[in-house]
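Visitor: Just passing along the structure, written as structure tokens.
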Amino acid sequence: MPTSLSQHRHRLTIQVKTLNAGFTRHLGVKHKLRQLDKVALREGLISPLWQYWGQFVRSVLIDSAKGAIQDNGALTTCPYSIHTEEEIAFVCMQLAQKNPINLIKPIKGPHLEPTWGDVDKAILIASNLGVSNDAQILSGLAIPLSIRDLQTCRNATAHLGKATFSDLKSAKVRYSDTKLLHPTDAMMWSDPSTLGYLWDTWVDQILMASEYVCK
């Protein structure tokens with residue numbers, strides 16, 4: 001039986017709202033925490049937010065290719081619907097890398113799959129996969145502009161180094177109150193468009209994007 005895309009949206013919503021509740025609790029105690037504890041807590045919010053977003057994008061793209069039910073009740077179609085999940089993931093990897101699709105084969109492990117949460121790669125896949133709901137997916141992926149900065153922040157947090165830290169510093173021009181002693185500080189930057197924390201922008205844009213993607 002085909003999967004409903006709304007199932008993925010509901011799961012993402014629960015995951016993100018749980019993390020956001022943790023962020024709210026953090027705001028109440030952050031001034032009392034030592035730097036080490038503060039960094040650990042923030043990393044424990046940033047990393048899963050990025051992973052949940054990537055898992056959502058993967059689920060929507062793969063299931064749309066296999067045949068899934070949209071919010072409007074339509075069943076998605078795709079030229080690759082006869083292939084296995086591993087083979088569709090291989091096709092998606094080729095599209096994300098702008099490679100030709102010749103012989104389709106199962107992908108050799110999740111570590112070789114595309115970076116699903118990377119909006120630019122997700123757009124490449126959705127644009128060329130041939131799914132019937134490509135317009136809905138692309139309209140959703142056009143929303144989370146700040147996700148590129150979430151990706152940069154998560155990379156700088158997970159892979160501490162000059163290069164990743166420099167990439168994050170270059171994002172400061174889009175925000176205010178941009179203290180940056182550790183990469184996790186970025187989640188506390190102020191977004192001029194909302195006057196809220198950058199974390200809030202990440203959360204709001206992810207949830208809004210998921211609504212459009214599943215229509």
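The values are calculated or read from the model by the stated rules, or taken from the named source; none is laboratory data. None of these values were measured; they are calculated from a predicted model. Don't worry about glycine lacking a Cβ; one is built from the backbone with ideal geometry, like all the others, and counts go over all protein chains shown. These area figures cover heavy atoms from the full protein model, side chains too; ligands, DNA and RNA do not enter into them. Shrake-Rupley method; radii C 1.70, N 1.55, O 1.52, S 1.80 Å.
Visitor: Past the 23 angstrom mark, what percentage of all C-alpha to C-alpha distances in the chain do you count?
Guide: Values: 11146 of 23005 pairs.
In whole percent, the share of Cα-Cα pairs in the chain beyond 23 Å is 48.
Visitor: Quick one: ranking Asp71, Asp149, Asp134 by accessible area, 1.4 Å probe, largest first, what do you get?
Guide: Asp71, Asp134, Asp149
Visitor: Tell me, what is the per residue accessible area of the chain in Å², probe radius 1.4 Å?
Guide: 50 Å²
Visitor: Which aspartates and glutamates have a Cα less than 19 Å from the Cα of Lys179, not counting those fewer than 8 places away in the same chain?
Guide: Filter leaves Asp37, Glu43, Asp149, Asp167, Asp191, Asp200.
Visitor: Measuring from the lowest to the highest alpha carbon on each principal axis, how far does segment 99-215 reach, largest first, in angstroms?
Guide: Computed over the Cα atoms, the extents are 49, 33, 19 Å.
Visitor: Oh, and also: Check Ser4: other-chain or 5+ apart residues with amide H under 5 Å from its amide H, H built from backbone geometry?
Guide: Ile69
Visitor: First compute the accessible area of the chain with a 1.4 Å probe, then give the percent of it belonging to carbon and sulfur atoms. Before the final figure, lay out each step's value.
Guide: On the way: 5910 of 10720 Å².
Roughly 55 percent of what the probe reaches on the chain is carbon or sulfur.
Visitor: Still on this structure, I have one more. If you consider only alpha-carbon coordinates, what radius of gyration and Dmax does segment 103-162 have, in Å?
Guide: For segment 103-162, the Cα-based Rg and Dmax read 14.2, 43 Å.
Visitor: Hey, which of these cross-link pairs are over 23 Å Cα-Cα: Lys121/Lys162; Lys17/Lys108; Lys38/Lys172; Lys17/Lys98; Lys121/Lys215?
Guide: The pairs that break the limit, which is 23 Å between Cα atoms, are Lys121/Lys162; Lys17/Lys108; Lys17/Lys98.
Visitor: Using a 1.4 angstrom probe with every protein chain in place, what is the largest-first accessible-area order of His111, His159, His26, His182?
Guide: Ranking His111, His159, His26, His182 by accessible area, largest first, yields His111, His159, His182, His26.
Visitor: Give the residue from Ala74, Val60, Ala40 lying farthest towards the positive end of the charge dipole for segment 24-83; charges sit on Cβ (+1 for Lys and Arg, -1 for Asp and Glu) and the dipole is referred to the Cα centre.
Guide: Ala40
Visitor: Here's a follow-up. What is the P(r) of segment 1-120, as percent of Cα-Cα pairs per 10 Å bin from 0?
Guide: So the P(r) values, bin by bin, are 12, 33, 28, 16, 9, 1.
Visitor: Please find the FRET efficiency linking Arg25 to Lys169, where r is the Cβ-Cβ separation and R0 is fixed at 25 Å, and quote it to the nearest 0.05.
Guide: Working: r = 28 Å, r/R0 = 1.14.
Taking R0 as 25 Å, the efficiency between Arg25 and Lys169 is 0.30.
Visitor: How far is helix 35-66 tilted off the main Cα axis of the chain, in degrees rounded to 10, range 0 to 90?
Guide: Roughly 10 degrees between the two axes.
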